[in-house]
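Input: a single structure, listed below in structure tokens.
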Amino acid sequence: MRTGPPRKAIFSLMPFSSFHLHPDLLRGVKEMGFTKPTPIQNDSIPPAMEGRDVLACAMTGSGKTAAFVLPILHRLIAKPRGTTRALVLTPTRELAAQIDEHLKALAIHTPLSGAAVFGGVGMSPQEHAFRSGVDVIVATPGRLLDHFRFGYAKLSGLEILVLDEADRMLDMGFLPDIRRVLRHLPQNRQTLFFAATMPPPIAQLTKELLKNPVTVNVERQALPAVGITQAVYPVPQDLKFALLLSLLKRGDFKSVLTFTRTKHRANRLADQLTRNGVPCERIHGNRSQAQRTQALAAFKDGKFKVLVATDVAARGIDVEALSHVVNFDVPHVPEDYIHRVGRTARAELTGDAFTFVAPDEESDLRQIERAISKRLPRITVPEFDYTRRPTERFEVPIQERIAAIRARKAEERTRAREKAERRGQHEMAMASRQRGGLPVRPSAPPGPTAPRGTVGSRHVAPSRPQPRGGSRDGHVQGPSRPGHHRSPQS
Ligand code: AMP
């Protein structure tokens, strides 16, 4: 652990130029519009540039991406090599794409290259990135492991590893994958470790990975950024939608990211908003990567006022000047709350984070308030009628959904059976006509007691050759079994 005065005290007044970053990088920083470093950049960039391992407690919105990207680029630009020398591991596709974009923007005046490697899209362009030795790969662990199965994916020249949002990777069950990835990397490297919270398995991982790290902000409990106004709206569960609609109609809601607890609720909310004339998009785990990317781009471009998201899909979403985060449902764990509200008030802008709380969510809210050491103000909207009855049920309970699916499937099966029967009857009638006889009643298959000269024998043209072992009605029969007759369908 670092000793002595906090780094903040040392670096807080430093402009970007005092980091002695490569001039081409400073140009990129300037064009991004960054005038002064954020606290996490102040604290992390200098030790990372010295080649030290860094353990940083930082959440999204703090400027952490540039905090690790700039030192990486600075190191690589000194000696370009044409092989991959830096790897950033990150939990979600959105975050990987975003970091890659951020990196490319900062590296715009350098010859350095980067590539994002994540699932849900084709492997070939990513294979090409490995083969061509891009300087930096930003990857999700699962897809990276997929590539490691092939000979082209070698990271033996790696010099810097970044673990970004390591606590989220733990939540998502990626810890075993991370350990597998580590087996493919050289031991001798610099490691930069970023997490918003430090649960015990993550603290353990830092001990295994980091050599004499400089720790940044680890003592501090992760808290929402200062520019966020947080408030709680107590409301019965079945009036949440009506309340959201009435708030959205107020002019100050410009771009709103709304979180729901489940994918089903995200779908319901987006459908109801659309039906009520509020343009919106949705992102959650059941949507394809293309749909997610498209939805996010449209939201960023201001084509939709509302983006409905689940926690996992919204991870790392970076939308400048997001005016509101609305927790349509209270998150189960305080860390999710901190991450969600961190989507607004990015980099010193201001924003509001509202949380709708139904009576059965009060205990989750109390946990959040304990975690952020703050009681959030409760707000009652004067013009909203809290006693009204909802016009539409928001969520169909899971049992009802399952029953409806079963009923639909049973109906489909019945229809398929009826169709097969009709087809059989039709074929039987056709076969009979081809034989030149009268139509055969499908309900009268040949039976052991059928009189001679009726169904089985009467209508067969005597000149037609008979297959060996074939009966006279044209049906192939096996060894004759007394009392057994095949039906025309068999
Ligand atoms: P991050 O925490 O890396 O996701 O960054 C959050 C947002 O802050 C991004 O939109 C960055 O472009 C922006 N940002 C990062 N560093 C700075 C800075 N020094 N000044 C202003 N904005 C910044």
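The values are calculated or read from the model by the stated rules, or taken from the named source; none is laboratory data. If you're wondering where the values come from, they're calculated on a predicted model, not measured in any experiment. Don't worry about glycine lacking a Cβ; one is built from the backbone with ideal geometry, like all the others, and counts go over all protein chains shown. These area figures cover heavy atoms from the full protein model, side chains too; ligands, DNA and RNA do not enter into them. Shrake-Rupley method; radii C 1.70, N 1.55, O 1.52, S 1.80 Å.
Converting phi to 3J(HN,Hα) with the Karplus coefficients 6.51, -1.76 and 1.60 and the offset θ = phi - 60°, the stretch 24-29 yields 5, 6, 4, 5, x, 4 Hz in sequence order, with x at every glycine or proline.
Put a plus charge on the Cβ of each Lys and Arg, a minus charge on the Cβ of each Asp and Glu, and nothing anywhere else: the dipole of the stretch 1-135 about its Cα centre is then about 320 debye.
Taking a straight line from the alpha carbon of Lys249, these lysines sit under 23 Å away, with near neighbours fewer than eight places off in the same chain left out: Lys240, Lys300, Lys303, Lys305.
Using the Karplus relation 6.51 cos²θ - 1.76 cosθ + 1.60 with θ = phi - 60°, the per-residue 3J(HN,Hα) values for the stretch 130-135 come to 5, 4, 7, x, 4, 5 Hz, with x marking Gly and Pro. Under the simplified labelling scheme, the Thr380-Asn212 pair shows an inter-label distance of 6.2 nm, with each label point 7 Å from Cα along Cα→Cβ. Shape class for the stretch 228-400, computed from the alpha carbon gyration tensor (a ≥ b ≥ c): rounded, with a/c under 1.5.
Each label was represented as a point 7 Å from its Cα along the Cα-to-Cβ direction; for Thr414 and Met14 these points are 7.5 nm apart. For His332, the amide hydrogen comes within under 5 Å of no other amide hydrogen, counting only partners 5 or more places away or on other chains and with H modelled in the peptide plane. Amide H to amide H, with H built 1.01 Å from N, Val214 comes under 5 Å of Asp53, Val54, Leu55, counting only residues 5 or more places away or on other chains. Two numbers describe the Cα atoms of the stretch 16-216: Rg and Dmax, which are 15.5, 44 Å.
Taking every protein chain into account, the 1.4 Å probe leaves Ile379 with about 60 Å² of accessible area, to the nearest ten. Shown is the FRET efficiency for Ser373 and Gln204, computed with R0 = 30 Å from the Cβ-Cβ distance and rounded to the nearest 0.05: 0.70. Near Pro234: Cβ cut-off under 10 Å, other residues only, Lys/Arg at +1 and Asp/Glu at -1. The net charge is -1. Listed values for the stretch 146-159 are Karplus-derived 3J(HN,Hα) couplings in whole Hz (6.51 cos²θ - 1.76 cosθ + 1.60, θ = phi - 60°), namely 4, 5, 4, 5, 10, x, 5, 8, 10, 10, 5, x, 5, 10, and x replaces Gly and Pro. Here the extension length gained between Arg275 and Lys154 equals 38.5 nm, from 0.36 nm per residue of separation less the Cα-Cα distance. Taking a point 7 Å out from the Cα of Arg131 in the direction of its Cβ, none of the residues of the stretch 81-110 has a backbone N less than 12 Å from it. Placing dummy labels 7 Å off each Cα toward the beta-carbon, the span from Ala407 to Arg388 is 2.9 nm. Solvent-accessible area per residue in the stretch 16-153 equals 36 Å², computed with a 1.4 angstrom probe and all protein chains kept.
Overall form of the stretch 25-109: rounded. Here a/c, set by the Cα gyration tensor axes a ≥ b ≥ c, is under 1.5.
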